[in-house]
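Visitor: Sharing a structure, written as structure tokens. Questions coming.
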Amino acid sequence: MRKSAIIMPFFALLAGASGYFLRFIELRNVFDEQTGLPRRGAGITFALITLTVVFLIIIISFAINAGSRHTTPKGFENAFGTESLAYPLVFFIIGLLWLGSTAKYFLDVYALGEMPLSELIFSVLSALSAISVSLCAMEVYQDPRRKATLALSIVPTLFMCFWLILLYRRNASNPILLSYCYQCLAIITSTLGFYFTSGFVYSRPAPRKAIMSYISAIFFCFITLADDLDITIKLVFIAIIAINVVYSSMLLRNMKRKT
């Protein structure tokens, strides 16, 4: 699976870049400037939906095939190859990007005046997730049997779940599903990615679902970068893309063909 460990994340990034381009054009040409309503039958919208469907079919087929023909590594350290010092270093850098973006987001919201409780919780959970990503990598690198790893691995999942709830609250009265559906898909697939990663820590691996979640999260998060979001939120999405690229590449590399 060593070739797939390079090809599949690259394929997800390439498909995501194509989706970003289509979404960028869609947002600037399909939605009415006054009402915000999308134009019916827009070819660019159909092209993006087609790309998404084809991408998901390919990823699901690949994940099923990989899971059926290869063995599942036992333990988090075997699934994600934590023997190299590069593992904690990479996640430390990603964690810094995530934490710095969250701190800037908090300061920007705080500068506007009274901070809503939901934004405070969002900022705190995001910061804890950024820290836990780095600490979890260091803990697993030093000794994967440490119990701290169990707790640290679930923090990003809790944060993503809260983010999904917050996104729904912000768009509860928004009838234009197309305006935020890709953000929703990006957060859902990222949530599943962190959740199935925790499964390896708790000795409940699900490699097929993990592969589908990782690669799909890369794709949808990349598309979401085209949306009109604060730069700090986009940086968080970039950090999540980087995490899923590393996780998918390491898991695919360590899966062995059945004899």
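The values are calculated or read from the model by the stated rules, or taken from the named source; none is laboratory data. From a predicted model like this one, the values you see are computed outputs, not experimental measurements. Every residue, glycine among them, receives a Cβ derived from its backbone with ideal geometry; neighbour counts consider all protein chains shown.
Visitor: So residue 256 clears everything in (1) surrounded by fewer than 20 Cβ atoms within 10 Å (Cβ to Cβ); (2) closer than 22 Å to residue 77 by Cβ; (3) out of contact with any strand residue (DSSP E or B) (no Cβ under 7 Å at 6 or more places or on another chain) except one condition, right? Which one?
Guide: (3)
Visitor: How many of the residues making up the stretch 112-126 are crowded, with 16+ Cβ neighbours inside 10 Å and either within 16 Å of the chain's Cα centre (by Cα) or touching a residue at least 40 places away in the same chain (Cβ under 8 Å) (or both)?
Guide: Matching residues across the stretch 112-126 total 3.
Visitor: Same structure again: How do the pairs read when you match residues in the stretch 218-238 that are closer than 16 Å to residue 101 by Cα with residues anywhere that are assigned to a helix (DSSP H, G or I) and among the hydroxyl-bearing types (Ser, Thr, Tyr), using Cβ under 6 Å and keeping only pairs 6 or more apart or on different chains?
Guide: Short answer, once both residue conditions are applied: 225/20; 232/101; 232/105; 235/101; 236/101; 237/224.
Visitor: Follow-up question, since we're still on this one. Being buried (at least 20 other Cβ atoms within 10 Å of the Cβ), at pLDDT 70 or above, farther than 14 Å from residue 77 by Cα and not hydroxyl-bearing (Ser, Thr, Tyr), is that true of even one residue in the stretch 136-151?
Guide: Looking for residues that are buried (at least 20 other Cβ atoms within 10 Å of the Cβ), at pLDDT 70 or above, farther than 14 Å from residue 77 by Cα and not hydroxyl-bearing (Ser, Thr, Tyr), one finds none in the stretch 136-151, hence no.
Visitor: Sticking with this structure for a sec: Tell me, please, whether a residue that is touching a helix residue (DSSP H, G or I) at 6+ places or on another chain (Cβ under 8 Å), surrounded by 14 or more Cβ atoms within 10 Å (Cβ to Cβ), closer than 30 Å to residue 256 by Cβ and at pLDDT below 90 can be found in the stretch 53-61.
Guide: No: the stretch 53-61 contains no residue that is touching a helix residue (DSSP H, G or I) at 6+ places or on another chain (Cβ under 8 Å), surrounded by 14 or more Cβ atoms within 10 Å (Cβ to Cβ), closer than 30 Å to residue 256 by Cβ and at pLDDT below 90.
Visitor: Taking the stretch 84-99, which residues are out of contact with any helix residue (DSSP H, G or I) (no Cβ under 7 Å at 6 or more places or on another chain) and touching a residue at least 12 places away in the same chain (Cβ under 8 Å)? Outline the logic, then answer.
Guide: Of the stretch 84-99, the ones out of contact with any helix residue (DSSP H, G or I) (no Cβ under 7 Å at 6 or more places or on another chain) are 84-86, 89, 93, 96.
The answer is 85, 96.
Visitor: Looking for something over 17 Å from the mean Cα position of the chain (by Cα), farther than 19 Å from residue 181 by Cα and among the hydrophobic types (A, V, I, L, M, F, W, C) - is there at least one such residue anywhere in the stretch 43-54?
Guide: Initially, the stretch 43-54 is screened for residues over 17 Å from the mean Cα position of the chain (by Cα), giving 43-51, 53-54.
When the remaining residues are screened for being farther than 19 Å from residue 181 by Cα, the result is none.
No: zero hits.
Visitor: From the set of residues in the stretch 22-52 that are in contact (Cβ under 8 Å) with a residue 12 or more places away in the chain and aromatic (Phe, Trp, Tyr), which is surrounded by the fewest Cβ atoms within 10 Å (Cβ to Cβ)?
Guide: 24
Visitor: Could you tell me whether the stretch 187-208 includes any residue that is within 30 Å of residue 30 (Cα to Cα) and hydrophobic (A, V, I, L, M, F, W, C)?
Guide: So the first thing to find is which residues in the stretch 187-208 are within 30 Å of residue 30 (Cα to Cα), and the list is 187-191.
Then keep just the ones that are hydrophobic (A, V, I, L, M, F, W, C); that gives 187-188.
There is at least one residue in the stretch 187-208 that is within 30 Å of residue 30 (Cα to Cα) and hydrophobic (A, V, I, L, M, F, W, C).
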